[in-house]
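**Student:** Below is a structure I'd like to ask you about.
The values are calculated or read from the model by the stated rules, or taken from the named source; none is laboratory data. Only a predicted model underlies this, so the values are computations on that prediction, with no experimental measurement involved. A quick note on method: Cβ atoms are made from the backbone with ideal geometry, for glycine too, and the neighbour counts reach across all protein chains shown. Side chains included, ligands, DNA and RNA excluded: accessible areas come from the protein's heavy atoms. Shrake-Rupley method; radii C 1.70, N 1.55, O 1.52, S 1.80 Å.
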Amino acid sequence: MDTNQETKITRRKAIKQSALLGSAFLIGGKATSLADDPPPSPATTPWVQPLSFPPSADNFLVPALNPLPIPANHQRYSEFIPTHFYDIPVTEFDFKAHPSLPFSKMWGYGGAYPGVTFSAPYQRRMMVRFRNQLPVSPEGFGNPDIITHVHNGHHASESDGFPADFYGPGFYKDHHYPNILAGNDPKEAKCTLWYHDHRQDFTAQNTYKGLAGFYILFDELDSGNENDPNPNALRLPSGLGQFDIPLVFHDRRFDPNGFLYFDHMTLDGILGDKWLVNGRVQPFFNVQRRKYRFRLLNGGPSRFYEFWLSNSMDFKIIANDGNLLAAPVTVNRVLVSVAERMDIIIDFSQLPATTNTIYLVNRAEQTNGRGPTGDRLPMNEADRLLRFNIQPGTVNDPSQVPAVLRQQPAMDLPVAKQRLWEFDRKNGMWTVNNMLFDESRVDALVKRDTAEIWTLKNKSGGWSHPIHIHMEEYRAISRNGQTPPVHEQGRKDVFRLGPNEEVKIYMKFRDWLGRYPMHCHNTIHEDHAMMIRWDIIP
Ligand SMILES: [Cu+2]
């Protein structure tokens, strides 16, 4: 397969920091760093806890919101009068990611880490109230002002979660999510979205502390029913938490006492040394010998993953950034930068009867927050993330992976303008076109119902930047002047810019007006302050 940036296999260059630094800490009972790197997390035993799933956001459905939402605050409210009301508290709670760690203070939507999972059919008209019940003066890191963004949501500006629209404890904000199809085009339907805090300058800390969850949409093709009698239904493996498995990957670090640790000292980006999947350190998952859909989400803050199965077996990519591809792509690995999603199908029925364990692993070598080194870890040194315990015996599998998934929308709107965006570094901060983010400065004015071509260019040879644009998805015209790899030829909302890379994208602007950002999704870069504001006007 050749769909990924090629990485060379070498010996692991970075000797584990833990081996070098393990004895340098705990002076007077207080963690003290004598080197640039923070101390390693305490040891934990892998595969002792099952994979778990956050509760459903439906648990927070209410007949009506009190006080009532204010229609005048929302664009096109009367066209999309809400039918489903969610009243979701955002709270602090005690959480342990592993049985041998102590409780840490975490934050979550609906009192859960990861946050409660939204799942809804397309065009469900939702009004979601996020009530900020965080402590006014929290311990440790994190800012209790919040603003929630649905990543890949096609929503009005006032509901999109503009980073400067944050609000403090004791207040709430209503987000109108009518889940419309962009341009009213069924080919624009998306599946795997997520939502997270977007508080200006504090997104890294607040999401690190837990403010992120899944937001999953279904439509007639991707109906969430592998037994769907509708002939248009794809009948992909289904049942959230059963055969349709959202997985969010968070690398995290814990201090020598076992409490969640956030490194304020570097602006390059931060790496954890514990592998959390859905909030648990190295869990196991019991699977049957059949097909499963896994929705892989890199939840950041700064790490890139190259996912493999430990036996190097093939799997199929069916969706990239929540967009079903035109056709499945068979691979044995996939590189996923921060905030990207890959929906993949793994068929465990291919395994010999004697195989009862395989692992999902990460082979991208990364030694600092700047980005992956480009080298690949040997399989026997790969980071093991999740263990699959393969159950004995055969089972009936009604699911299928059709050869044709979803047609891609046409690039049919005339191009009104071309823009160049250069991502660079200045005085230790992160810039776009030589500027730091200023929420009151409009860096681009675009007209609704036009299209533009944007060139995203990484000017640095030393860093990678996963670039995310809100509200509208886009298509790559070229990557480094060449046809993009096949799994990047569908719609996307994050483009990984490796060192000195350049991606040219085609983008339409439809349906809504107002302020939106574009930013690096290495959230450390985003907060310091690699972001621009662009506005849509009539
Ligand atoms: Cu970046």
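**Student:** How many residues does segment 398-444 contain that are within 30 Å of Ser349 (Cβ to Cβ) and of a type in the set (A, V, I, L, M, F, W, C)?
**Tutor:** 4
**Student:** Is there any pair with a first residue in segment 347-372 that is within 16 Å of the ligand (Cβ to nearest atom) and a second that is open to solvent by less than 10 Å² (accessible area, probe 1.4 Å) and part of a helix (DSSP H, G or I) whose Cβ atoms are under 7 Å apart and which are 6 or more apart or on different chains, and what are they?
**Tutor:** Short answer, once both residue conditions are applied: Gly369/Ile524.
**Student:** How many of the residues in segment 502-530 are open to solvent by less than 10 Å² (accessible area, probe 1.4 Å) and more than 19 Å from His264 (Cβ to Cβ)?
**Tutor:** 10
**Student:** Any residue at all in segment 199-211 that's among the small types (Gly, Ala, Ser) and touching a Pro at 6+ places or on another chain (Cβ under 6 Å)?
**Tutor:** Checked against the condition, which is being among the small types (Gly, Ala, Ser) and touching a Pro at 6+ places or on another chain (Cβ under 6 Å), segment 199-211 yields at least one hit.
Results for (1) in contact with a Cys (Cβ under 7 Å, 6 or more places away or on another chain); (2) open to solvent by 20 Å² or more (accessible area, probe 1.4 Å); (3) more than 24 Å from Asn298 (Cβ to Cβ), shown as yes or no for each residue.
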residue	(1), (2), (3)
Phe202	no, yes, no
Leu217	yes, no, no
Pro231	no, yes, yes
Asp244	no, no, no
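**Student:** Every residue in segment 476-488 that is in contact (Cβ under 8 Å) with a residue 24 or more places away in the chain and surrounded by fewer than 19 Cβ atoms within 10 Å (Cβ to Cβ), please.
**Tutor:** Within segment 476-488, Ile477, Ser478, Pro485, Val486 meet the criteria.
**Student:** Among the strands (runs of 3 or more DSSP E) contained in segment 424-501, which hold 2 or more residues that are under 21 Å from Val331 (Cβ atoms) and away from the ligand (no atom under 16 Å from the Cβ)?
**Tutor:** 474-479
**Student:** Among what's in segment 246-272 and is within 16 Å of the ligand (Cβ to nearest atom) and open to solvent by 20 Å² or more (accessible area, probe 1.4 Å), pick the residue that is farthest from Glu139 (Cα to Cα).
**Tutor:** Asp268
**Student:** Filtering segment 502-538 down to residues that are in contact with a strand residue (DSSP E or B) (Cβ under 7 Å, 6 or more places away or on another chain) and β-branched (Val, Ile, Thr), which residue is farthest from the ligand (Cβ to nearest atom)?
**Tutor:** Ile537
**Student:** Still on this structure: At pLDDT 95 or above and either open to solvent by 20 Å² or more (accessible area, probe 1.4 Å) or assigned to a loop (DSSP other than H, G, I, E, B) (or both): does that describe Glu139?
**Tutor:** no
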